[in-house]
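Peer 1: I have a structure here, written as structure tokens, and I will follow up with some questions on it.
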């Protein structure tokens, strides 16, 4: 199984469609997974699985903006201890 990490700089319409299909009602902090990085910081990701790939979409302010624009939705997600609206 392939494992792919995506961030706001390399997300496409196909990826947005995968997120929308996996989370038709939107997503919240409870849907995010946190991974510890070697530098001691945490990476917050939204996981989407397909038949052959596990995608981890890095959730940061830029990614939230892209998803909000693409889906005409608003996400209240806690990024680095601050709520993004």
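No lab work stands behind these numbers, since they all come straight from the coordinates. Please read all numbers here as calculations on a predicted model, not as lab measurements. Note that each Cβ is placed from the backbone with ideal geometry, even for glycine, and that neighbours are counted across all protein chains shown.
Peer 1: Are there any pairs with C-beta distances below 9 angstrom linking a residue in segment 30-41 that is over 13 Å from residue 56 (Cβ atoms) to a residue that is surrounded by 10 or more Cβ atoms within 10 Å (Cβ to Cβ), with the two at least 6 apart or on different chains, and if so which?
Peer 2: The qualifying pairs are 36/42; 36/43; 41/80.
Peer 1: Separate question: Quick check on my filter: what residues within segment 10-29 are in contact (Cβ under 8 Å) with a residue 40 or more places away in the chain and touching a strand residue (DSSP E or B) at 6+ places or on another chain (Cβ under 9 Å)?
Peer 2: The answer is 11, 15, 19, 27, 28, 29.
Peer 1: Is it the case that residue 25 is under 21 Å from residue 78 (Cβ atoms) and part of a helix (DSSP H, G or I)?
Peer 2: no
Peer 1: Could you check segment 48-67 and list, in sequence order, the residues that are surrounded by 16 or more Cβ atoms within 10 Å (Cβ to Cβ) and in a strand (DSSP E or B)?
Peer 2: Hits for segment 48-67 are 48, 55, 56, 57, 58.
Peer 1: Just the residues that are surrounded by 10 or more Cβ atoms within 10 Å (Cβ to Cβ) and out of contact with any helix residue (DSSP H, G or I) (no Cβ under 8 Å at 6 or more places or on another chain), please, taken from segment 11-25.
Peer 2: 15, 17, 18, 21, 22 - these are the residues of segment 11-25 that are surrounded by 10 or more Cβ atoms within 10 Å (Cβ to Cβ) and out of contact with any helix residue (DSSP H, G or I) (no Cβ under 8 Å at 6 or more places or on another chain).
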